[in-house]
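**Q** Quick one: the structure is below, questions incoming.
The values are calculated or read from the model by the stated rules, or taken from the named source; none is laboratory data. No experiment lies behind these values; they were computed from the predicted model shown. When we count neighbours, we look across all protein chains shown, and the Cβ atoms used for this are built from the backbone with ideal geometry, even at glycine.
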Amino acid sequence: MSSLLVSNLTVDHGAIRALSNVSFEVKQGEITAIIGANGAGKTTLLRTLSGLKSPSNGTVTWRERNILNKKPEDLVRLGISHVSEGKSVIPELSVHENLLMGGLWRRNRSDTNKAIAEAVELFPRLGERMEQSANTLSGGERQMLAIGRALVSRPKLLLLDEPSLGLAPLIIEQIFTVVQRLRKDMGMTVVLVEQNAVSALAVADTGVILNLGELIAAGDARYILADPALKSAYLGF
Amino acid sequence: MRELIGTLLIGITLGSIYSLMALALVLVWRSTRVINFAQAGQAILTTYIAYEIINRTGVFWLAILFAVVAGALLGAGIEYFLMRTLFRHADEGPVAAIAPVIATLGLLGIIRSVVGMIWGNEFRSIAPPVSTTGFVFNGQPLPFSMLNLVVIIGAAIVMIIFSFIFQKTDLGLSLRASAFQPEIARLAGIRVGPIRTIGWVFAGAAGAFAGVLVTPNDILSPNSLDVLLVFGFVAAVIGGLESLPGAVVGGLALGIGVALITNYISTVLVFPSVFIVLILSLILRPNGLIGSKRVRIA
């Protein structure tokens, strides 16, 4: 079943076309990896899906509902949470406050507390640092906190922008393991933007390759990994 | 000793008022990144409203209540109708950052002129609600009166309420999150737009409260709160512009400094010293006295 349908999406940054006529679908309960080099339009795509950026053309439907030009805060209420690029935590707030923030819109504190407990179960290191300022966390812990905050909103669709950026391999593995658990144990749909193509495709069901704002290929992650032409041309290995 | 105690108490009284004004400026700065020069205008208008209510009812406390509510509504109105319009029309480039600030200066002028048209430019006064005779200490009078004590207690209550709201409530967390990282706050589901308006509401209320508290010790005219705006601004900068506790500490430090200079050196030196402190604090402690560090992440 398709849950997110992107059709003919075109996005401009002023005079520069960041995405050109991109179409693909994200299936319910799958991990879809969006890969490509710097400047491929991956982050722009994610920011458009979460409502931070307005497209010039195209449609995006989520569960048969048009979500284009909806605000990010409204999309959270529809079950779409975005972890933006660069460890999206608020360093001035404590770890607990960062997590709590993801549940404020719900107004049901006991449910939010349960969601926080679940996030801490996935990332136990956060539990040891609840009252510390997020500023004191390491890069990996910040990324865990950013994902944890998104999970407290209990998303049905999780948009992750380069969770591996600048992290040690061991931490990347931990984070990807959690992403797989979210899919397997909770049936969450995940869109994972990555430059780290091999790791991303290894955990993904579907791969989407972007290059200079255009869609190059979309399909089963295993086939993309196995395609020598795609590999050498766009994945750089 | 008696003189020093009296001076310090006067300094704390002045400082409480500066702190309230500084809080108002910091709240607006944090919520919309605007230095709100119109704050003095908003406060003068609400102080005249208080003046009218005192004249009609004679009840000072009722006047404070009305002024604070009017200040809150005025803040909301300015954010909603003026600021949002400005943000819509100038949303990119250097103009976007400065246009709202210039607009608040314009608004200050408009409000002052309107107040002058309604109430005239002559000096008026608000009758103090409590005694202005100094307390007696060791058989001798202090310059510190019951009115000053009321000012300190009133300001302290407002600060306690603010710190409770900001540190302990969901609304406070939303306000802080929206101030520090509006984009991440939105991605977490916080409606940043209305939260910004609430920042202006709190600021308007704090400024109105400051205006009514300071005026019984002073005179009332369409620009009688301009000095308060300047001192509140300096206090906010000393405190780092970003931090609410910083605004309070900055206000108290400034108030005590002003009282000491007035009493021991000369009133003439107050203004130059305040501005020297302003510039020194920008050079030496640009992040504020208590160093509310702003950490930028890539």
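**Q** Take the residues of the stretch A:48-58 that are more than 19 Å from the chain's Cα centre (by Cα) and either outside any strand (DSSP E or B) or within 16 Å of A:Glu25 (Cβ to Cβ) (or both): which is nearest to the other protein chains (Cβ to nearest Cβ)?
**A** Once the filter is applied, the top-ranked residue is A:Ser56.
**Q** Can you name the condition, by its number, that B:Asn55 falls short on among (1) in contact with a Gly (Cβ under 7 Å, 6 or more places away or on another chain); (2) free of Cβ contacts under 8 Å to residues at least 24 places away in the same chain; (3) not acidic (Asp, Glu)?
**A** (1)
**Q** Give the residue that is nearest to the other protein chains (Cβ to nearest Cβ), with candidates limited to residues of the stretch A:67-78 that are out of contact with any Phe, Trp or Tyr (no Cβ under 8 Å at 6 or more places or on another chain) and not in a helix (DSSP H, G or I).
**A** A:Lys71
**Q** While we're looking at this one, here's another question. Sort out which residues of the stretch A:96-114 are touching a Ser or Thr at 6+ places or on another chain (Cβ under 8 Å) and either closer than 11 Å to A:Ile147 by Cβ or more than 7 Å from chain B (Cβ to nearest Cβ) (or both), and write them in order of number.
**A** A:Gly102, A:Gly103, A:Arg106
**Q** May I pose another question? Of the conditions (1) surrounded by fewer than 20 Cβ atoms within 10 Å (Cβ to Cβ); (2) at the interface with chain B (Cβ under 10 Å from one of its Cβ atoms); (3) part of a loop (DSSP other than H, G, I, E, B), A:Asn135 fails just one. Which one is it?
**A** (3)
**Q** Of the numbered conditions (1) polar (S, T, N, Q); (2) away from chain A (no Cβ under 14 Å); (3) crowded, with 23+ Cβ neighbours inside 10 Å, B:Thr267 fails exactly one; give the number of that condition.
**A** (3)
**Q** Just a yes or no: is a residue in the stretch B:180-195 buried (at least 22 other Cβ atoms within 10 Å of the Cβ), under 18 Å from B:Leu244 (Cβ atoms), modelled with pLDDT of 95 or more and within 14 Å of chain A (Cβ to nearest Cβ)?
**A** Scanning the stretch B:180-195 turns up at least one residue that is buried (at least 22 other Cβ atoms within 10 Å of the Cβ), under 18 Å from B:Leu244 (Cβ atoms), modelled with pLDDT of 95 or more and within 14 Å of chain A (Cβ to nearest Cβ).
**Q** Counting only residues that are of a type outside the set (Gly, Ala, Ser) and under 15 Å from A:Glu30 (Cβ atoms), give me the strands (runs of 3 or more DSSP E) lying completely in the stretch A:159-222 with at least 2 of them. So that I can check it myself, show each step before the final result.
**A** Details: elements: A:189-194, A:206-211, A:214-220.
In the stretch A:159-222, A:189-194, A:206-211 are the strands (runs of 3 or more DSSP E) which contain 2 or more residues that are of a type outside the set (Gly, Ala, Ser) and under 15 Å from A:Glu30 (Cβ atoms).
**Q** Do you know which of the residues in the stretch A:138-150 that are out of contact with any Gly (no Cβ under 8 Å at 6 or more places or on another chain) and facing another protein chain (nearest Cβ under 9 Å) is surrounded by the fewest Cβ atoms within 10 Å (Cβ to Cβ)?
**A** Restricting to residues being out of contact with any Gly (no Cβ under 8 Å at 6 or more places or on another chain) and facing another protein chain (nearest Cβ under 9 Å), the top hit is A:Arg142.
**Q** Could you count how many residues in the stretch B:253-292 are part of a loop (DSSP other than H, G, I, E, B), touching a helix residue (DSSP H, G or I) at 6+ places or on another chain (Cβ under 9 Å) and among the small types (Gly, Ala, Ser)?
**A** 3
**Q** Let me ask something else. Just wondering, is there one or more residues in the stretch A:39-46 that are within 14 Å of chain B (Cβ to nearest Cβ) and closer than 19 Å to A:Lys156 by Cβ? Please lay out each step first, then the result.
**A** Step one: filter the stretch A:39-46 for residues within 14 Å of chain B (Cβ to nearest Cβ), giving A:43, A:46.
Filter once more, keeping what is closer than 19 Å to A:Lys156 by Cβ: A:46.
Yes, the stretch A:39-46 has at least one match.
**Q** Being within 11 Å of chain B (Cβ to nearest Cβ) and closer than 28 Å to A:Ser3 by Cβ narrows it down to one of A:Leu159, A:Leu93, A:Leu122, so name that one. Spell out how you get there, then give the answer.
**A** Working: A:Leu93 fails: closer than 28 Å to A:Ser3 by Cβ; A:Leu122 fails: within 11 Å of chain B (Cβ to nearest Cβ).
Going through A:Leu159, A:Leu93, A:Leu122 in turn, the sole match is A:Leu159.
**Q** Another question, then. Could you please give the count of residues in the stretch B:181-233 that are within 18 Å of the chain's Cα centre (by Cα) and within 30 Å of A:Leu151 (Cβ to Cβ)?
**A** Within the stretch B:181-233, residues that are within 18 Å of the chain's Cα centre (by Cα) and within 30 Å of A:Leu151 (Cβ to Cβ) number 4.
**Q** Quick one: which helices (runs of 4 or more DSSP H) sit completely within the stretch B:74-174 and have at least 2 residues that are within 30 Å of B:Gly6 (Cα to Cα)?
**A** On the way: elements: B:84-89, B:93-119, B:146-168.
Hits in the stretch B:74-174: B:146-168.
**Q** Specify which of the listed residues (B:Ile35, B:Ile49, B:Ile17) is in contact (Cβ under 8 Å) with a residue 40 or more places away in the chain and either surrounded by fewer than 24 Cβ atoms within 10 Å (Cβ to Cβ) or basic (Lys, Arg) (or both).
**A** Values: B:Ile49 fails: in contact (Cβ under 8 Å) with a residue 40 or more places away in the chain; B:Ile17 fails: either surrounded by fewer than 24 Cβ atoms within 10 Å (Cβ to Cβ) or basic (Lys, Arg) (or both).
Result of the check over B:Ile35, B:Ile49, B:Ile17: B:Ile35.
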